[in-house]
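As structure tokens, the structure follows; a few thoughts come after it.
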Amino acid sequence: KDYASDQEVRWCPGCGDYAVLKAVQSFLPDLGLRRENIVFISGIGCSSRFPYYLDTYGMHSIHGRAPAIATGVATAREDLSVWVVTGDGDALSIGGNHLIHALRRNVNMTILLFNNRIYGLTKGQYSPTSETGKVTKSTPMGSIEQPFNPVSLALGAEASFVARTIDSDRKHLTSVLAAAAAHRGTSLVEIYQNCPIFNDGAFDAVKGNGAGGGVVRLEPGTEVTLDGVTWTHDPSEVSPVRQFALSRMGHGDRSAVPIGIFRQVDRPTYDDGARAQVDSAREAVASTREDRLTALLGGPDTWTVL
Ligand code: SF4
């Protein structure tokens, strides 16, 4: 049985969120965890309704602050599988600060960043990932801003796991989810998600509908060529330089866009480090207490039990 809750799903008909939800509901039992050991924390936005629709613990939290709340949960409860669901507005506008610091710290959580390049919940204003020139309700003459590329941003913060996938490719989406969930540290998964109401067809070129470059599927060992330079993709390469170069492909033009795992490296996690410090502080306090008691009362071998 999948991990669907009994809540009525309230997204617009045809929204890409449905496909991601179905993939996550079906995938979660594969984690082999009890439902109460999985927690989904979201911010504000269309995709942030996600926790209602899963039969796990969850929190529909504060705008942009899901990574901060998830940091606390992951640090306090090592036994939980912690997930963040966020969108391009929630994660990259109001929550940009919290996102980059979670990535930098390498907190043990999986972040699903639904990128539809628009503000859907507030009915169609431009977002930090809307392309330059995009005409929306809040940019009637076209956006004059340079958009964020979430994968480039995460690589710039030296996140330990960075991937991109697409709502309509269930097999690819599930394989990326599995790799992200298995990774220790912060996993950032950008999901291209179609918003048929306010930004329909934003990823048509990537999906191969109409003129466009389609995708380059990244696997370890994939040969990639950029600006005349060819190399073999290695997500475990510690330097993010070549992974960053890859992330620029298809950004701002209509060439093929890489999907898959850009980066997957091991490095210490914040929550492991914090727990180790708390444990050693506790031991220090306990031994200090014992030393003081011994100084005051003598050691246990001198005590008389009455
Ligand atoms: Fe989905 Fe767009 Fe509707 Fe939000 S506004 S639920 S993103 S289709």
Please go through segment 268-306 and pick out each residue that is over 28 Å from Arg77 (Cβ atoms) and assigned to a loop (DSSP other than H, G, I, E, B).
Gly298, Gly299, Trp303, Thr304, Val305, Leu306
Cβ pairs under 8 Å, 6+ apart, first in segment 122-142 and on the phi > 0 side of the Ramachandran plot and within 15 Å of the ligand (Cβ to nearest atom), second of a type in the set (Phe, Trp, Tyr) and part of a loop (DSSP other than H, G, I, E, B):
Lys123/Phe198; Gly124/Phe198
Hey, among the residues in segment 149-164 that are outside any loop (DSSP other than H, G, I, E, B) and not small (Gly, Ala, Ser), which one's surrounded by the most Cβ atoms within 10 Å (Cβ to Cβ)?
Val162
In segment 174-214, how many are within 30 Å of Lys137 (Cβ to Cβ) and not aromatic (Phe, Trp, Tyr)?
23
Output the qualifying pairs, or none if there are none: Cβ atoms under 6 angstrom, residues six or more apart or on different chains, first residue in segment 87-100 and farther than 18 Å from Glu145 by Cα, second residue of a type in the set (Lys, Arg) and assigned to a loop (DSSP other than H, G, I, E, B).
His98/Arg65
If I filter segment 173-211 down to residues being assigned to a loop (DSSP other than H, G, I, E, B) and free of Cβ contacts under 8 Å to residues at least 40 places away in the same chain, which single residue comes out as surrounded by the fewest Cβ atoms within 10 Å (Cβ to Cβ)?
Gly210
Checking Val9 against (1) over 22 Å from Tyr192 (Cβ atoms); (2) more than 17 Å from the chain's Cα centre (by Cα); (3) of a type in the set (Val, Ile, Thr), the condition it does not meet:
(1)
The residue from Gly260, Gly214, Gly228 that alone is more than 16 Å from the ligand (Cβ to nearest atom), surrounded by 14 or more Cβ atoms within 10 Å (Cβ to Cβ), modelled with pLDDT under 95 and not β-branched (Val, Ile, Thr) is Gly214
Could you please give the count of residues in segment 174-206 that are away from the ligand (no atom under 15 Å from the Cβ), under 16 Å from Glu131 (Cβ atoms) and touching an Asp or Glu at 6+ places or on another chain (Cβ under 8 Å)?
0
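Only strands (runs of 3 or more DSSP E) wholly contained in segment 218-265 count here; list those with 1 or more residues that are within 22 Å of Asp204 (Cβ to Cβ), of a type in the set (Gly, Ala, Ser) and assigned by TED's automatic domain parsing to the domain that holds Ser130.
257-264
The values are calculated or read from the model by the stated rules, or taken from the named source; none is laboratory data. This is a predicted model, so every value here is computed, not measured. Note: ideal-geometry Cβ built from the backbone for every residue, glycine included; neighbour counts use all protein chains shown.
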